[in-house]
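> To start, I am sharing the structure in question, which I have written as structure tokens.
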Amino acid sequence: MIALVLAAALATQQGRGPEVMIATDHDRVGVGEVLAFTIRVWSDRTDPVQAELQSLGGFELAGRSEHSDVATGPHPGRTTVIQLQLRAVRPGEWRLGPVQVRQGSAITLSDAITVKVDAGAPAPVSASLNPGLARMLQSASPPGGLGRAGISIAVSNPEVAVGQQVDVITIAWFDRVLRQELRRAPTVESPRIEGVWSYPQPVPGGIAASRSVAGKWYDLFVLHQVVFPLVPGTVQISPARLQYSVPLAYQFFSQEEQFRLESQATTFQVRPLPDSGRVPGFRGAVGRDVAVTQTVNPGSGNQGEPFAIEITITGQGNVALWPQPDLRWPVGGRVYPEAAEEQLVMREGRLGGRKTFKFLLVADSAGTLTLPGLQYPFYDPAGATYRIAAAPPTPIIVAPRGNRMASRAEPPPLRVDAGWPAAFLVRDALPAWAWWLLVVTPAMGWVVLTRWPRRRTQPVSSPSVGEPLAVAEQRLRHALDDRALAPPDRARLVRLLERVEAARFSEQPAGAPNALLTEIDGLLERQPAGVPGPRWRERTGLLLLAGLLIGTEAAAQTQPEQFYEAGAYRAAMEGFRRRTALAPDVPSHWFNLGAAAYRAGDDAAALVAWVRAARLAPRDGGIRRALQMAPPADAATGRELWIAPVTPPELWLTGMVLWFTGWGGLLWTRRVRGRWMVLLLGGSLAAGMGQALAQWYDRPVAVLARNTQLRLSPHGLAPTAAEGARLSAILLLDRRPGWVEGEMPGGGRGWTPEEALEPMNPLPRP
């Protein structure tokens, strides 16, 4: 019986055929082009393998190579790779295969591959190349003395004007047979170009095109640079370099021979911009199809409110070097410039895009303010002439202060409140390790809990902040009563007294700068003997006072509430942002930041700030009403920004109370009762829900500040992967300098500029 089973198993093993995989390097070729057809066979037996391509269609066999790797021991096997060079001889759509593989008595048939052959078709070019680059590859001259491999540089135009686009491509040429021997892609180093503004362009990672040279087919690897010359003269292009390795045998671990090649250096000429025809106001802008627009948002508003002004220049050219237009602002308003934004776009082989200059205009008087029309001179290299792009005047209707005709609703008044009690108890009372110790070890927890209040109240050996401030103010006023006080010292004491009074109403933390302490002591020590010197209590108060003064001297004059009342909402935003960084658990700080952002027209920042406030105080009606003024873009974003009716600290605190109550009952009764177990289970569930909610809130989520394109790679010219709408949520995955990778909740993943995001939490590190 055992012999029969073994014989059946052996027969089954012998009858099992090898695994076969076939592939081609192109699915469309022209007549005369050589196609690479690869057959890969794997088997768990070491017997020789025979492979036969049963149908060649419109191809003929131009070459064949084969190598095998055999493994012995406990896991025997054979891997065979067969490479066929097939030359297309007849146009049409041909079926290559199937491939029949025989190993011993076992036979395996592969699938077939369909390849289209075009009659007189041009050399195949990758579909991902822009048309201009494709034309350059088809017309580029091969390097002199081209053998099995070579490298060359091609320039789109040998003579251009300053600021005109020039395409510089580096081409690595490989004989088809040699390219098939390579185990890895070659290393191509682009040349150095001095005196230009360069934009490296994305190209296919593998073969970009194929060319026939003297009846031999070559596969091309390409690097592409778009450059804009900055000064007239001769631009030198240094040699490009190529490095590749060829194995000495077919074995996988065989040694390789290294080859290094270098191209010829080349140049192109740059002529200066002509003086004839230069229009007044020209500041060096060079481009094609340049247009300028001027927009104001909102178009009407109230006196003292800000208006967002955007001046956008579009066209083809070096967007980065387009200068700001010559602007004339109307009388009756204050203008605050913001950072300019650039967006690059490659269309039909021409680099261009848009550049937006942003300003904030605060109207000081009611009436109609008219932004003058714009004239933007530029040089058009296509027509070799100067042109002017123009935008019409734009009126702004300003109503008297307090009028409700403003386009944006008035947000609720600013708020002042303390931190949320539950958040304070859970996050600030004890460190995390102490809470875990209490939870894991209830008996030790009771000891720590009884000793904790004494540890919190022991450091009360120094006076409170209020008492030293009062003492310091009294001493300064007493010193000012001295009529013999020198005028310079009196002035310094007055300034110190003003800073003391400001510090009593400041929210800034205390520090200990010795310089200010020395100043105060030095002034007071020069007073009459009747004025008591600084005893330890007063000295400690002055020490605390010094820290308060350093942080509040400027803050007393530049409170964000004052900026908000004056209509400087951007400055108010910065002040409220600093408060959220110092005290992130205070809902009013986030609420006020959202109000300032909303009034400044930054809906993304307002939405994020009000969501943060609502998560700290979820049952606050005022915060909930504020969220209705900046709603999310869609339902998917609303789900990502979901706000629970309770906070994580409240759940943690509830869980701790239930947990300790249950353990207390068990320790008191020394019996396992159902009600105590229910309390323990409820405490565990509440704490777990709090932890899950905290992790949900801490996810790296951001809101898009504007409509943007998510790209396949962190590059402004990379292909578009998805579209992102303004006020849509995006889950952040990775970060690169200036770029962040994210995934939209409704689908779509890609890279977006960092400045287009308003993060809920700090961005992930690059």
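> Among Ala718, Ala729, which is within 30 Å of Gly353 (Cβ to Cβ), modelled with pLDDT under 80 and of a type in the set (Gly, Ala, Ser)?
Sole residue among the options that is within 30 Å of Gly353 (Cβ to Cβ), modelled with pLDDT under 80 and of a type in the set (Gly, Ala, Ser): Ala718.
> If you don't mind, there's one more thing I want to ask. For region 359-394, give me the residue count where each residue is in a strand (DSSP E or B), under 30 Å from Val160 (Cα atoms) and either touching a Cys at 6+ places or on another chain (Cβ under 7 Å) or not aromatic (Phe, Trp, Tyr) (or both).
10
> Can I ask one more? Quick one: in region 574-599, which of the residues that are of a type in the set (D, E, K, R) and closer than 21 Å to Glu305 by Cα is farthest from the chain's Cα centre (by Cα)?
Only one residue fits best here, namely Arg599.
> Take the residues in region 352-377 that are out of contact with any Phe, Trp or Tyr (no Cβ under 8 Å at 6 or more places or on another chain) and aliphatic (A, V, I, L, M), then tell me which one is surrounded by the fewest Cβ atoms within 10 Å (Cβ to Cβ).
Among those that are out of contact with any Phe, Trp or Tyr (no Cβ under 8 Å at 6 or more places or on another chain) and aliphatic (A, V, I, L, M), it is Ala366.
> Follow-up question, since we're still on this one. Go over the candidates Ala36, Ala23 one by one and state the one that is under 23 Å from Ser110 (Cβ atoms), of a type in the set (Gly, Ala, Ser) and at pLDDT 85 or above.
Ala23
> List the number of the failed condition for Lys216; all other conditions in (1) touching a helix residue (DSSP H, G or I) at 6+ places or on another chain (Cβ under 9 Å); (2) buried (at least 17 other Cβ atoms within 10 Å of the Cβ) hold.
Against the list (1) touching a helix residue (DSSP H, G or I) at 6+ places or on another chain (Cβ under 9 Å); (2) buried (at least 17 other Cβ atoms within 10 Å of the Cβ), Lys216 comes up short only on (2).
> Looking at region 42-49, can you tell me whether even one residue there is under 17 Å from Gln180 (Cα atoms), within 47 Å of the chain's Cα centre (by Cα), modelled with pLDDT of 75 or more and not acidic (Asp, Glu)?
Scanning region 42-49 turns up no residue that is under 17 Å from Gln180 (Cα atoms), within 47 Å of the chain's Cα centre (by Cα), modelled with pLDDT of 75 or more and not acidic (Asp, Glu).
> Can you name every residue in region 86-131 that is at pLDDT below 80 and crowded, with 16+ Cβ neighbours inside 10 Å?
Arg87, Ala121, Ala123, Pro124, Val125, Ser126, Leu129, Asn130
> Gly299 passes all but one of (1) loosely packed, with under 12 Cβ neighbours inside 10 Å; (2) under 30 Å from Asp364 (Cβ atoms); which number fails?
(1)
> On to the next question. Please report, ordered by residue number, the strands (runs of 3 or more DSSP E) entirely within region 13-68 with at least 1 residues that are surrounded by fewer than 13 Cβ atoms within 10 Å (Cβ to Cβ), of a type in the set (Phe, Trp, Tyr) and touching a residue at least 40 places away in the same chain (Cβ under 8 Å).
none
> Then there is this: Go through region 660-687 and give me each residue that's aromatic (Phe, Trp, Tyr) and either at pLDDT below 75 or outside any helix (DSSP H, G or I) (or both).
Passing the criteria: Trp663, Trp668, Trp676.
> Identify the single condition in (1) assigned to a strand (DSSP E or B); (2) exposed (fewer than 12 other Cβ atoms within 10 Å of the Cβ); (3) outside the structural domain of Glu181 (by TED's automatic domain parsing) that Arg328 does not satisfy, given that it satisfies every other one.
Failing condition for Arg328: (1).
> Please note which strands (runs of 3 or more DSSP E) are completely contained in region 229-314 and include at least 1 residues that are in the same structural domain as Gln164 (by TED's automatic domain parsing), β-branched (Val, Ile, Thr) and out of contact with any Gly (no Cβ under 8 Å at 6 or more places or on another chain).
So the answer is 233-237, 241-247, 266-271.
> Filtering region 168-213 down to residues that are outside any strand (DSSP E or B) and small (Gly, Ala, Ser), which residue is surrounded by the most Cβ atoms within 10 Å (Cβ to Cβ)?
Top of the filtered list is Ala208.
> Here are Ala339, Ala363: which of them is of a type in the set (A, V, I, L, M), under 27 Å from Gly299 (Cα atoms) and under 34 Å from the mean Cα position of the chain (by Cα)?
Ala339
> To continue, here is another question. Residues that are farther than 20 Å from Ala339 by Cβ: find the strands (runs of 3 or more DSSP E) completely inside region 703-766 holding 2 or more of those.
Because the criterion is at least 2 residues that are farther than 20 Å from Ala339 by Cβ, the strands (runs of 3 or more DSSP E) in region 703-766 that meet it are 708-711, 720-724, 729-736, 739-743, 749-753.
The values are calculated or read from the model by the stated rules, or taken from the named source; none is laboratory data. Worth saying up front: this structure is predicted, and the values here are computed from it rather than measured. Cβ: placed from backbone, ideal geometry, glycine included. Neighbour counts: every protein chain shown.
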